[in-house]
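The values are calculated or read from the model by the stated rules, or taken from the named source; none is laboratory data. Just so it is clear, the model here is predicted, and its values are computed rather than measured. Every residue, glycine among them, receives a Cβ derived from its backbone with ideal geometry; neighbour counts consider all protein chains shown. In case anyone asks, the SASA skips ligands and DNA or RNA and just uses the protein heavy atoms, side chains included. Shrake-Rupley method; radii C 1.70, N 1.55, O 1.52, S 1.80 Å.
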Amino acid sequence: MNGPPSDAQAKALEFVNSASSYLLLATMALLAWVASGVDFSNDGLRIASMACLTLSVMFGVATLALIPLVQEARRPGQSNFEVEARFMMFGRRGARLKSALLPQYLFLLAGLVLYVVGMVA
């Protein structure tokens, strides 16, 4: 996303890109912290927390990969979240930005909850 955004949708997409990048870095740091051997009351909770955080990282990478595709496919005035980005992965596929953002946030929250429960219980 080089250069200044030309319209409101492009500027909003730039904010989504920045927020997703920072969230991805924070999630990877939290995943490294949980994996480093912090004292957990139950190893099952540690594994579940790590699995959720790993899935959050995967969806975060997918989000960052979709952003340029959304920028290219968006028509003037169209919402960034309604754009079906097309790509080739095991055949012709399409995805919307919210199909990657929502799981990213939900898995992060689930990983945080499991982390806190594992530390407290």
*From the residues 30, 58, 113, which one has its Cα farthest along the dipole of the chain in the positive direction, the dipole being from +1 and -1 charges on Cβ of Lys/Arg and Asp/Glu about the Cα centre?*
58
_Using Stokes-Einstein with the Kirkwood hydrodynamic radius over Cα pairs, what translational diffusion coefficient do you get for region 27-68 at 20 °C and a viscosity of 1.002 mPa s, in µm²/s rounded to a whole number?_
194
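Mind checking the dipole of the chain: about its Cα centre, +1 per Lys or Arg Cβ, -1 per Asp or Glu Cβ, Debye to the nearest 20?
380
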_With n ≥ 4 as the cut-off for DSSP H runs, can you work out [θ] at 222 nm for the chain, using -39500 (n - 2.57) per run divided by the number of residues, rounded to the nearest 500?_
-24500 deg cm²/dmol
*residue 11 accessible area, nearest 10 Å², 1.4 Å probe?*
100
_For the chain, what are Rg and Dmax over the alpha carbons, in angstrom?_
16.9, 53
